[in-house]
Amino acid sequence: MKRAPAWRLAAVLAAVLAAVLVGCAQPELRGTGDLGLVVERAAGRVKLIETSGRTALATIAGLGDLSHASIVYSRDGRYGYVFGRDGGLSRVDLLLARLDRRVVQAGNAIGGAISQDGRLIAVANYEPGGVRIFDAATLEPLADIPAAFGDGTRRAKVVGIADAPGQRFVFSLFEAGEIWVADLSDPRRPQVTRHRDIGKQPYDGLITPDGRHYIAGLFGEDGLALLDLWNPQAGVRRILGGYGRGEEPLPVYKMPHLRGWAIAGGHAVLPAIGRKEVLVVETAGWSEAARIPVHGQPVFVIAQPGGRRAWVNFAFPDNDTVQVIDLPSRSVVKTLKPGRAVLHMEFTARGEQVWVSSRDDDSVIVYDPASFAEIARIRADKPSGIFLSSRAFATGF
């Protein structure tokens, strides 16, 4: 029997394969630029959302204690790194909607950051106090920076960790009253510069969008501590002395988050501790320019892209309210009532949407910031933090 030529057999097999593939459902291809994660704090889960159609795509479980959780993203936006209160560090795959890797690296963690080149993850720990460095691809531990102070036997809680240019991480030590800068050019041998006596009880910190200034809020005294990373030899400078609790301090029900500062147009807009005010600070000399009365004690003050407006949410008992401030006139132009216990807000990268979480109404609400109209409402289980993948491309997030 005569055998068919090899080329003819190959052609037949190719035709059969093509027919099979036509009959199969092909996976939908997509990028990550419009994706994000919403923390479902009570359930130890995150909800995967997309902002183009304003929908929820999936729920990813098994992330541990998320009662105080934050998220940073890989440089390609595919992976979210979730820092849990139980010391868990979890890597979530946004495209496959699944937990990719997880390690429990400490007893109590408060947040983390990703390095400038995207290769390192730093986790800030309460217990034991210090910072631990991991390989972003494998979560392999690379270095441990104990937050030892005084005679070296005590460890401080680490707060306000942020990435800085030059493969550096900057963070504050709560009990020690110090700011440390860790150079991770050699990931296994961190070089740490310590700035001591910066003020009492730094509770949070931020780095300005240009990566130049690191600012720590002080809970133990009025004022803030500022470190110029271009000129670190000048030491830490105290700014805004006397602003904090004011002459008649109010009970502080929830600490404001400096990471939510609005910085735009040569000014910073920030929450005042224990005051129903938002402070306006000129960033050229870091001096107070104005105070804006608001509905309650501010928690987050976030800038709308473009810098014209800032959105503010509040601590209990006023946490059902969001106010919008027009920065040129320094006045409140809109008051919204999204739901009970508004915990977080996040703008899309170009500012056409703002996402707001209402924990006690189990909802995430999406607003059009131009008209203030509600354009979507998504069911979520006790949502708190909202983290969009556009954070992958910004310093300090």
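The values are calculated or read from the model by the stated rules, or taken from the named source; none is laboratory data. Remember, it's a predicted structure, so these values are computed and weren't measured experimentally. Backbone-built Cβ (ideal geometry, glycine too); neighbour counts: all protein chains shown.
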Could you figure out which of (1) at pLDDT below 95; (2) under 24 Å from Ala376 (Cα atoms); (3) assigned by TED's automatic domain parsing to the domain that holds Ile133 isn't true of Asn108? (2)
Can we say Gly307 is free of Cβ contacts under 8 Å to residues at least 60 places away in the same chain, in the same structural domain as Leu388 (by TED's automatic domain parsing), over 20 Å from Arg237 (Cβ atoms) and assigned to a loop (DSSP other than H, G, I, E, B)? yes
Go over the candidates Val170, Val159, Val131, Val181 one by one and state the one that is buried (at least 19 other Cβ atoms within 10 Å of the Cβ), assigned to a strand (DSSP E or B) and in contact with a His (Cβ under 9 Å, 6 or more places away or on another chain). Val181
Any chance Asn313 is buried (at least 19 other Cβ atoms within 10 Å of the Cβ) and over 18 Å from the mean Cα position of the chain (by Cα): no
What is the number of the single condition among (1) surrounded by 14 or more Cβ atoms within 10 Å (Cβ to Cβ); (2) at pLDDT 95 or above that Ala61 does not meet? (1)
Of all residues being of a type outside the set (A, V, I, L, M) and not in a loop (DSSP other than H, G, I, E, B) in the stretch 134-151, which is farthest from Gln116 (Cα to Cα)? Just the residue, please. Phe149
Every residue from the stretch 268-299 that is crowded, with 19+ Cβ neighbours inside 10 Å and farther than 25 Å from Gln201 by Cβ: Ile292
Any residue in the stretch 101-108 that is in contact with an Asp or Glu (Cβ under 8 Å, 6 or more places away or on another chain), on the phi < 0 side of the Ramachandran plot, surrounded by 24 or more Cβ atoms within 10 Å (Cβ to Cβ) and assigned to a strand (DSSP E or B)? no
Output for the stretch 39-54, where each listed residue is without any contact (Cβ under 8 Å) to a residue 40 or more places away in the chain and touching a strand residue (DSSP E or B) at 6+ places or on another chain (Cβ under 8 Å): Glu50
When you look at Val72, is it closer than 20 Å to Glu346 by Cβ, touching a helix residue (DSSP H, G or I) at 6+ places or on another chain (Cβ under 7 Å) and buried (at least 18 other Cβ atoms within 10 Å of the Cβ), yes or no? yes
